[in-house]
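**Q** Here it is: the structure, laid out below.
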Amino acid sequence: PIELVFIGLLIGLAFGARGGGNKFAAHYEPEKVVINLTKNSGAGSLAHEYWHALDNFFGKKRNSDYAGKFLTEKPRVLMMRDGSKDLSVDPELVDAFKHVVDVINSTEIVKRSLNLDRTRSKLYWSTIIEVTARCFENYIIDKLGETGCQNDYLANFTAMGDWIKSGSL
């Protein structure tokens, strides 16, 4: 396992200040590098949105023309036009992201996420960007739980009954 220290990632944090009518509890804006937590339901979303910010930070840091906005979209060392490897992001870190994506793709979470997407016109829940963010928030919950702590503002569970009532499942 690799212990990662993230230095130099400056993220804006807004509380219900990035437009109205959003049906999501929170969102990350890659162009502005801002996490918005809605006034009434943003609590519990910070870890999820922070993962999006990290994923985006490393995705944008790559120099290759073939890079996406998020590292999880293409978690491998990419080639430059001149045939050299893009080393703008440490290959060990890229390998760590690839390992996370590979492990997640070997589980049932993608299938369950596709089930959530069955009524949508475009995939959302099953995209690797969203699946990894949900897995990260669960990782944070587990790590806090190991110390006997919880932080419902950082990350919290939605009860299965609430998912069923909302029509998401």
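Here, each number is a calculation from the coordinates, and none is a lab measurement. Note that the structure is predicted; figures quoted are calculated from it, not measured. We place every Cβ from the backbone using ideal geometry, glycine too, and count neighbours over all the protein chains shown.
**Q** When the scattering of region 70-164 is computed by the Debye formula from its Cα atoms alone, each counted once and equally, what is log10 I(q)/I(0) at q = 0.11, 0.14, 0.22, 0.25 Å⁻¹?
**A** -0.45, -0.69, -1.17, -1.27
**Q** Taking the Cα centre of region 1-150 as the origin, how large is its charge dipole in debye, to the nearest 20, when only Lys and Arg (+1) and Asp and Glu (-1) carry charge on their Cβ atoms?
**A** Details: 20 positive and 19 negative charges, 131 e Å.
Once rounded to the nearest 20, the dipole reads 640 debye.
**Q** Okay, moving on. From a point 7 Å beyond the Cα of Glu146 in the direction of its Cβ, which residues of region 75-111 have a backbone N at a distance under 16 Å?
**A** none
**Q** At a Förster radius of 30 Å, what calculated FRET efficiency corresponds to the Cβ-Cβ distance of Ala96 and Leu13, to the nearest 0.05?
**A** 0.75
**Q** How high is the FRET efficiency from Arg120 to Ser84, r the C-beta distance, R0 30 Å, rounded to 0.05? Intermediate results must be reported in sequence, preceding the final value.
**A** On the way: r = 40 Å, r/R0 = 1.33.
Efficiency computed from Cβ-Cβ geometry: 0.15.
**Q** Among Leu154, Leu116, Ile141, which residue has its Cα positioned farthest towards the positive end of the charge dipole of region 31-159, with +1 placed on the Cβ of Lys and Arg, -1 on the Cβ of Asp and Glu, and the dipole taken about the Cα centre?
**A** In region 31-159, that residue is Leu116.
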